[in-house]
Amino acid sequence: MYVNDDLNLVLTIKQDDNEHPLVTAYHTPISRAVFESHYSILAATKSKLASKGTIYMMDSGPRIAAMTLRDEAKDDERPKDTALLAEIKRLTMIVSQGSEPLPVDSAIASGIIDDEEWQDTLSEIVFFTCLYALAKKAEKSRIADAIASVLNASITASPLTEYASSLKPSMPEKPSRKAVSSVPA
């Protein structure tokens, strides 16, 4: 998979019975400036998750990354988790089939997702960010692909509006009705 500078992460929040996405989070990764402001907390979070081993990191890491980031920020003399998490939220839009993309708070307020679904999604985004943002430029494509695979997510270069318009509402096919004749055959 080729990942260019327009990388965007798409995570499924809700899906139908056939595992087709109904509600997704479309996340644009943090900028280089944001990374430089928060690299120490990202590195500490990645290190803490990795300290338990690869299996733990890949199994539990996506579920607890946001909580780990908050814990690591408490140990830092200059906690920056609030600003970083606010930036991650700002860079994430919720896309529901047949609706316009919404900021996270609006999607929660309108009932498209709930706070627990957002916290789970946020943790997955933090996990992705810790690994992706700390990777060398030459390794970012491989890292993004591997993390997306662990998260059952996808990577897209499509802008938000193009991605949102590509989602087709899941409509059950209506059975065709043939005209019924009242004349016996």
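Couple of notes before you dig in:
- Note on residue 67: accessible area approximately 100 square angstrom, rounded to 10, probe 1.4 Å, nucleic acids and ligands left out.
- Converting the Cα gyration tensor eigenvalues of the stretch 96-161 into ellipsoid dimensions via √(5λ) gives semi-axes, longest first, of 26, 14, 10 Å.
- Between residue 40 and residue 160, the contour length at 0.36 nm per residue exceeds the alpha carbon distance by 40.3 nm.
- Accessible heavy-atom area order of 70, 32, highest first, probe of 1.4 Å: 32, 70
- Accessible-area value, residue 129, 1.4 Å probe, nucleic acids and ligands omitted, Å²: 10 Å²
- Ordering 68, 12, 29 by Cα displacement along the dipole of the stretch 5-71 toward the positive end leaves 68 in first place; charges were set at the Cβ atoms of Lys, Arg (+1) and Asp, Glu (-1).
The values are calculated or read from the model by the stated rules, or taken from the named source; none is laboratory data. Source: prediction; values computed, not measured. Cβ: placed from backbone, ideal geometry, glycine included. Neighbour counts: every protein chain shown. With ligands, DNA and RNA removed, areas are computed over all heavy atoms of the protein, side chains included. Shrake-Rupley method; radii C 1.70, N 1.55, O 1.52, S 1.80 Å.
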